[in-house]
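Note sheet for the following structure.
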Amino acid sequence: NGELVSASTRGNGEEGSLITDNAKTFMNIPLKIPYKGHLKITGEGIIHRDDFEEINKKIPNEEDRYKTPRNLAGGSVQQLNSEICSKRKVYFYAFNVIEGFDDINSLSERLYTAKRLGFDICTFFEYNALKHDFDTFNILVNELVNIADETMTPIDGVVIMYDDIAYGKSLGKTGHHYRNGLALKFKEEEEETVITNIEWQVGRTGKITPVAVFNPVILDNTTVSKASLHNISTMQKLNIKLYSKVTVVKSNEIIPQIIKCVGGTSYDFEYPKVCPVCGGKTTFVGDDETMNVYCKNSDCPAQSIRGLSYFASKDGMNIDGLSDKKIEKLVDAGIISNALDIYKLDQHRDEIVEFDGMGEKSFDKLLLSIEKSKNVKLENFLAALGIPNVALSKAKIISREFDGDWNKFETAVTNGFDFTQLDTFGVEINKSIHKYFREVFFANDIYR
């Protein structure tokens, strides 16, 4: 009957999150249209730059402000409380019609039809390679950039798609998308600045990552003053020194990255001999290609907090409402120290509801999310455990091998299964998996 009945995120390409209540608060999605039948439209949810800046102005502490419009939009549509999403001024722009309008074989005509029904559609131009030269193509791309600037729309590239839908589908598809289009990313904006320090950040596995600190620069309308150097080998390859002049870009408009380094003093930064958080001894692990430094103290508080954050993350158990800051508060309060403690939070209701930003309603939603997490896929559970060298991508390969069945996986590990049989799995990953389950998982309360 033309009513909006469902909205979801793209997720991992196979499974997304249901966000119907939040979508109904978007600034421009029609809740009812003059159309009979099933219509599925896909598009982009965005926050315009001017709205993004206004939202950030209301946050007094600069460190608490949102980093990019893309991050804020992504977080807004996932909010458990739709009232929060409604205040973020999220807009939806359609770029494809997946189901419906079956009698129309033209993508542009389907979009124009959606527009007549009340949907805002993405800005596009029609380009015919038989009629137009490549200079025309460049003119159209530049015009799209100008329109995005005028409308304060975040943009990092353009997408080219065949207008003939049947022809596009006839080209087949990869594991997660049809070969009917091509995405072109713009050259990343870059700035030069000067290194002033190196900070060492302890991760969930104990890896201590060097983070370059430099004089602030503006990239993609945000202030950037730090960038991860990933490992000691990267520092050496770039020849990072105090007061070096570096070129910084923002990879995919999100992650600051140093791509060039020149000059600086003759002073080499010292690598940490003790952990900067717990003071425990460090060790160097790696080879000529990649060298890392690790904290050897398994009880290091930094490892505990980041490990728990990763456990609760979207790639892991996907526990909505359990942010990094909340985990840090719970650890500091002595309420949690390991993953099992998360499933005992109901025993600490009186204390937790007094936390800033929590309250009874938020706590009840958190408990529901924790309960839901008990039924995640095998791949997410394995990723959540934080097994060294086994992130979600590797966990998915393991899950496919054992049909997503924990019992099959457990039997295989117990019987010494050789994981090097799996695509992209080497000797080190095989060792990591067996060592983790032998010395950590089967040896403590997580398994019992």
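The values are calculated or read from the model by the stated rules, or taken from the named source; none is laboratory data. For clarity, every value in this text was computed on a predicted model and none was experimentally measured. As a convention, Cβ positions derive from the backbone with ideal geometry for all residues, glycine included, and neighbour counts pool all protein chains shown.
Give the number of residues within the range 74-100 that are small (Gly, Ala, Ser) and under 30 Å from Ile165 (Cα atoms). Total satisfying the criteria: 3. Just to be sure before I move on: is Val90 aliphatic (A, V, I, L, M), surrounded by 14 or more Cβ atoms within 10 Å (Cβ to Cβ) and over 24 Å from Asp149 (Cα atoms) in the structure I sent? In short, no.
Let's see how each residue does on (1) modelled with pLDDT of 90 or more; (2) under 28 Å from Lys314 (Cα atoms); (3) in contact with a Gly (Cβ under 8 Å, 6 or more places away or on another chain); (4) in a strand (DSSP E or B):
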| site | (1), (2), (3), (4) |
| --- | --- |
| Arg10 | no, yes, yes, no |
| Ile29 | yes, yes, no, no |
| His38 | yes, no, yes, no |
| Glu44 | yes, yes, no, yes |
| Phe52 | yes, yes, no, no |
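Checked against (1) surrounded by 12 or more Cβ atoms within 10 Å (Cβ to Cβ); (2) more than 32 Å from the chain's Cα centre (by Cα); (3) of a type in the set (D, E, K, R); (4) closer than 20 Å to Phe26 by Cα, Arg116 meets all criteria but (1). The residue pairs whose first member lies in the range 212-239 and is more than 25 Å from Asp288 (Cα to Cα), whose second member is in a helix (DSSP H, G or I), and whose beta carbons are closer than 7 Å, counting only pairs six or more residues apart or on different chains, are Asn221/Arg49.
Apart from one condition, Cys261 fits all of (1) closer than 21 Å to Glu199 by Cβ; (2) part of a loop (DSSP other than H, G, I, E, B); (3) at pLDDT 90 or above; the exception is (2). What are the residues in the range 93-113 that are surrounded by 14 or more Cβ atoms within 10 Å (Cβ to Cβ) and either within 32 Å of the chain's Cα centre (by Cα) or farther than 18 Å from Asn180 by Cα (or both), if any? Listed by number, the residues that qualify are Tyr93, Ala94, Phe95, Asn96, Val97, Gly100, Phe101, Leu107, Ser108, Arg110, Leu111, Thr113.
Here is a yes/no grid of residues against (1) within 23 Å of the chain's Cα centre (by Cα); (2) not in a helix (DSSP H, G or I):
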{"position": "Lys361", "(1), (2)": "no, no"}
{"position": "Phe381", "(1), (2)": "yes, no"}
{"position": "Gly386", "(1), (2)": "yes, yes"}
{"position": "Lys396", "(1), (2)": "yes, no"}
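Annotation note: of Val194, Val159, the sole residue that is at pLDDT 90 or above and assigned by TED's automatic domain parsing to the domain that holds Asn239 is Val194. Pairs needed: first member in the range 96-114, in a loop (DSSP other than H, G, I, E, B); second member anywhere, exposed (fewer than 14 other Cβ atoms within 10 Å of the Cβ); C-beta distance under 9 Å; at least 6 residues apart or different chains. Between residues of the range 96-114 that are in a loop (DSSP other than H, G, I, E, B) and residues that are exposed (fewer than 14 other Cβ atoms within 10 Å of the Cβ), the close pairs are Gly100/Gly37; Gly100/His38; Gly100/Lys40; Asn105/Asp164; Asn105/Ala166; Asn105/Tyr167.
Listed by position, the helices (runs of 4 or more DSSP H) inside the range 270-358 whose residues that are buried (at least 17 other Cβ atoms within 10 Å of the Cβ) and not acidic (Asp, Glu) number at least 2 are 301-312, 324-332, 339-342.
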